[in-house]
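Q: Next up is a structure, given as structure tokens.
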Amino acid sequence: MTSTAYFIIIRGPLGVGKTTVSKKLVQILNADYISIDEVLQKRGLDKADEKEGTIPAKNFIAANEFVLDKVKKTLSSGKIVIFDGCFHQREQLDHLLKSIPFPHHGFTLKASVEACIERDSKRAKVYGKEAAVAVHSLTSKFDYGIVVDTSGKTVQQTTKDILSHLPQRKDTHK
């Protein structure tokens with residue numbers, strides 16, 4: 001196992017720029033990408049509990065479990081892994097951190113709810129104002145890692161900000 005392997009968690013509300021920034025980091029760092037939203041959707045775990053009004057923590061933990069073996073193998077080979085997700089359930093985040101015995105870096109991306117609604121409205125798959133407000137409220141309950149405000153920043157600026165907090169690697173180009 002090489003000591004340069006680590007994983008990155010990019011979390012925040014819908015429309016804040018997590019996926020765009022994560023995919024840019026994947027290119028720069030030659031990393032593997034894991035979208036928790038895609039795992040939830042593909043496994044049928046993306047259904048909100050009627051009582052809670054949100055996807056239950058157990059579904060997020062099941063999504064974690066689905067990717068853990070692959071992530072550990074990737075990290076063991078010395079490659080970086082980037083997780084992209086809202087991570088609004090603290091239990092999911094704690095489970096992931098406890099389950100992966102490698103160093104990690106966490107980032108919470110933030111922007112106003114209005115900015116997130118605006119960005120969401122311009123996507124190919126629009127989730128809508130109600131979803132953006134709900135997810136913004138959930139993700140704002142706690143911060144994890146370094147907080148990066150994406151308001152008024154380009155993808156390049158946000159990516160540069162995140163990269164400034166990561167260890168320098170000989171095999172990457174900025």
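Q: Which of these values of mean projected area of the Cα convex hull in nm² was calculated from the structure shown: (1) 9.6; (2) 10.2; (3) 10.9?
A: (1)
Q: Sticking with this structure for a sec: Holding the Cα-Cα limit at 20 Å, pick out from 42/125; 24/98; 129/160; 24/47; 73/110 the pairs that are longer than that.
A: Pairs exceeding the cut-off: 24/98; 129/160; 24/47; 73/110.
Q: What is the fewest-to-most order of 11, 43 by other Cβ atoms lying within 10 Å of their Cβ?
A: Listing 11, 43 from fewest to most nearby Cβ atoms yields 43, 11.
Q: Name the long-range amide H neighbours of residue 33: under 5 Å, sequence gap of 5 or more, or other chain; modelled H, no Pro or chain starts.
A: Correct list: 82.
Q: Moving on to the next point. Calculate one ³J(HN,Hα) per residue across region 33-47 by plugging θ = phi - 60° into the Karplus curve 6.51 cos²θ - 1.76 cosθ + 1.60, and present them in order as whole Hz with x for glycine and proline.
A: Here the 3J(HN,Hα) series is 10, 10, 9, 4, 4, 5, 4, 4, 5, 5, 9, x, 9, 8, 9 Hz.
Q: Same structure again: Starting from region 85-153, pick out the trypsin sites (Lys or Arg not before Pro) whose DSSP state is loop and whose Cβ has at most 15 other Cβ atoms within 10 Å.
A: 122, 123, 125, 141
Q: Expected output is a single nm value to one decimal: the length gained when fully extending between residue 70 and residue 118, i.e. 0.36 nm times separation in residues minus the C-alpha distance. What is it?
A: Going from the current span to full extension adds 13.8 nm.
Q: Compute for region 12-63: radius of gyration divided by Kirkwood radius, i.e. Rg/Rh, restricted to C-alpha atoms, rounded to two decimals.
A: Rg divided by Rh gives 1.06.
Q: With θ set to phi - 60° and the Karplus curve 6.51 cos²θ - 1.76 cosθ + 1.60, what are the ³J(HN,Hα) couplings of region 81-89 in order, to the nearest whole Hz, using x for Gly and Pro?
A: 10, 10, 9, 10, x, 5, 6, 8, 9
Q: With a sphere of radius 14 Å drawn around the Cβ of residue 107, what net charge do the other residues whose Cβ falls strictly inside it have (Lys, Arg +1; Asp, Glu -1)? Before the final figure, lay out each step's value.
A: Values: positive: 11, 18, 24, 110, 153, 160; negative: 84, 143, 149, 161.
My count for the surroundings of residue 107 gives +2.
Q: Taking amide H positions as placed in the peptide plane 1.01 Å from N, state which residues far from residue 165 in sequence (5 or more) or on other chains have amide H under 5 Å from it.
A: none
Bear in mind that the values in this text are calculations on the coordinates, not laboratory data. For clarity, every value in this text was computed on a predicted model and none was experimentally measured. Here the Cβ is made from the backbone with ideal geometry for all residues, glycine too, and neighbour counts use every protein chain on show.
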